[in-house]
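Taking it in order: structure first as structure tokens, then the write-up.
Each value in this text was obtained by applying a stated rule to the coordinates, not by laboratory testing. In this text, all values refer to a predicted model and were calculated from it rather than measured experimentally. Positions of Cβ are generated from backbone atoms using ideal geometry, with glycine treated the same way; all protein chains shown enter the neighbour counts.
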Amino acid sequence: MARYTGPSCRLCRREGQKLFLKGERCYGSKCALERRAYAPGQHGQNRKKASNYGLQLREKQKAKRFYGLQETQFRNYFEKAAAKKGITGDNLLIMLETRLDNTVFRMGFASSRKEARQLVMHGHFTLNGKKADIPSQAVKAGDVIAVKAKSTDSPKFKEIREMTISTPEWVSIDTDKLTGKVLSLPTRAMIDTPVAEHLIVELYSKN
């Protein structure tokens, strides 16, 4: 499947806000959005006001980029969210949040979702004691994610043992044991991703 391989900072500039795609760099003075707070391209500083459709499209693109998904993947999540009981937009974000790669990121095992995806794919984690190398795998309440024994001595995870990590209320982490637990499925109020999901629902409802 094709995946965007260009500069990550360009995506943040296009959306006009930090998507935190490069971990620690996003919090410092090297952040491209801090230095050039306008869209990339020749006409980046002279873009016209977006139409309603343009706003809806940008919100979808922003959500895709936050979670690192391609259009087909994202559309599949939307269709599953629409088929479930409850509010479609809430269902969508909850499903995205409970992907294994995002949960690893939320637990503080990775500095960005991109890094979390790579760590999962390279087999550094187990889920409930079993091999877990599929980033899109969904987690549920009570699941335990752990760093594999063979990976605990790597500099990346040794550093985590010395850190104080702040996690959202639906997950917890034991930095000494390098394990994390899903305490509950997140509610919309627990998800701080700055996405107006109702605009995404409006966009897809037109099709």
**Prompt:** K49 versus K84, label points 7 Å from Cα toward the beta carbon: distance in nm?
**Reply:** 3.7 nm
**Asked** What does the charge add up to near L183, with Lys and Arg as +1, Asp and Glu as -1, over the other residues with Cβ less than 15 Å from its Cβ?
**Response** -1
**Request:** Sort the stretch 99-185 into rounded, prolate or oblate with this rule: let a ≥ b ≥ c be the square roots of the eigenvalues of the Cα gyration tensor; rounded if a/c is under 1.5, and if a/c is not under 1.5, prolate when a/b is larger than b/c, oblate otherwise.
**Result:** rounded
**Request:** Please report, largest first and rounded to whole Å, the three semi-axes of the ellipsoid equivalent to the stretch 54-127, where each semi-axis is the square root of five times an eigenvalue of the C-alpha gyration tensor.
**Result:** 24, 15, 10
**Message:** Between Q137 and A196, what is 0.36 nm times their sequence separation minus the Cα-Cα distance? Round to one decimal in nm.
**Reply:** 18.8 nm
**Prompt:** Of D90, D192, how do they rank once you tally other Cβ atoms within 10 Å and put the fewest first?
**Reply:** D192, D90
